[in-house]
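Some notes on the structure that comes next.
The values are calculated or read from the model by the stated rules, or taken from the named source; none is laboratory data. Quick caveat: nothing in here was measured; it's all calculated off a predicted structure. Quick reminder, even Gly has a Cβ in these numbers, built from the backbone with ideal geometry, and neighbours come from all protein chains shown. Quick note on the areas: whole protein, heavy atoms, side chains included, nothing else; ligands and nucleic acids left out. Shrake-Rupley method; radii C 1.70, N 1.55, O 1.52, S 1.80 Å.
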Amino acid sequence: MIPEQHFSVVIVAGGKGLRAGGEIPKQFQPIGGKPILMRTAEAFYNFDYRMRIVIVLPEEFRFFWEELCEKHGFRIPHSIVSGGETRFHSVKNGLEEIQKDEIVGIHDAARPFIPKEVIGRCYREAFDFRCGVIPVIEEKNSVRILTAYESKALDRKKIRVVQTPQVFPADLLKNAYETPYREEFTDDASVAEDSGIQIKLVKGDERNIKITTPLDLKFADYLCRNNLV
């Protein structure tokens, strides 16, 4: 008998997003007339309307988010959790809303264009193999690594650029996040690997961009208004 699949996602929007400019954090800024965070949540809801959606927000912006939801008629069911001191702590807070028998994805709020195919690929692999799954794309640029006194070229064929969602059996990831925070924990896969969870790479998508800078915002708005995503 095939066990039932319970999918959930923690959308991490707990940061201030200052590099994108503007008076409000980037996750609340509009692209194509709608806040980025709403488009991100819609991507997972449209993949599977049964998806449990947990959004991690800065505590001081919870009421602002509620106002945005009312203004835009945003009715997708979701839970709100307050962010922590770092991304690590924000994810840990979000995981408290997740049951151990679920398959959970951790996704950047600033990646609103995640295709259904990538979501499905990540969740299926995590479910089938009980491992961590992260989407990646090939690096197109020449890259160099810095040493103490110089820089050295790296073979870009051996480099992969990491995207989200990073997806795991929830019981494994919740256990991994019981470890004390360390600065080298730059994403969920690094936390998971530290606790011995196997990480599997799957094909990501060039459309799954992360909006970080003012130029990214303008580009994302252009894509939305011209129906290119």
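A few comments on the model shown:
- Yes/no for Ser151 being exposed (fewer than 15 other Cβ atoms within 10 Å of the Cβ), of a type in the set (Ser, Thr, Tyr) and closer than 20 Å to Phe129 by Cα: no
- For segment 35-77, taking the residues that are touching a residue at least 40 places away in the same chain (Cβ under 8 Å) and part of a loop (DSSP other than H, G, I, E, B), the one that is most open to solvent (accessible area, probe 1.4 Å) is identified as Arg50.
- Residue in segment 10-29 that is without any contact (Cβ under 8 Å) to a residue 40 or more places away in the chain, open to solvent by 20 Å² or more (accessible area, probe 1.4 Å) and over 24 Å from Asn208 (Cβ atoms) present: yes
- Any hit, segment 95-103, residues being modelled with pLDDT of 95 or more, open to solvent by 70 Å² or more (accessible area, probe 1.4 Å) and either under 13 Å from the mean Cα position of the chain (by Cα) or among the basic types (Lys, Arg) (or both): yes
For (1) in contact (Cβ under 8 Å) with a residue 60 or more places away in the chain; (2) open to solvent by 30 Å² or more (accessible area, probe 1.4 Å); (3) aromatic (Phe, Trp, Tyr); (4) out of contact with any His (no Cβ under 7 Å at 6 or more places or on another chain), each residue gets a yes or a no:
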{"position": "Tyr123", "(1), (2), (3), (4)": "yes, no, yes, yes"}
{"position": "Ile134", "(1), (2), (3), (4)": "yes, no, no, yes"}
{"position": "Phe168", "(1), (2), (3), (4)": "yes, no, yes, yes"}
{"position": "Asp171", "(1), (2), (3), (4)": "yes, yes, no, yes"}
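- Screening Ala148 on (1) among the aliphatic types (A, V, I, L, M); (2) in a loop (DSSP other than H, G, I, E, B); (3) in contact with a Ser or Thr (Cβ under 7 Å, 6 or more places away or on another chain) shows it passes everything except condition (3).
- When Asp171, Asp205 are checked against the criterion of being within 21 Å of Glu42 (Cα to Cα) and either at pLDDT 95 or above or in a loop (DSSP other than H, G, I, E, B) (or both), a single residue qualifies: Asp205.
- For beta carbons closer than 8 Å, sequence separation of 6+ or different chains, a first residue in segment 100-116 that is without any contact (Cβ under 8 Å) to a residue 24 or more places away in the chain and a second that is among the β-branched types (Val, Ile, Thr) and outside any loop (DSSP other than H, G, I, E, B), there are no qualifying pairs.
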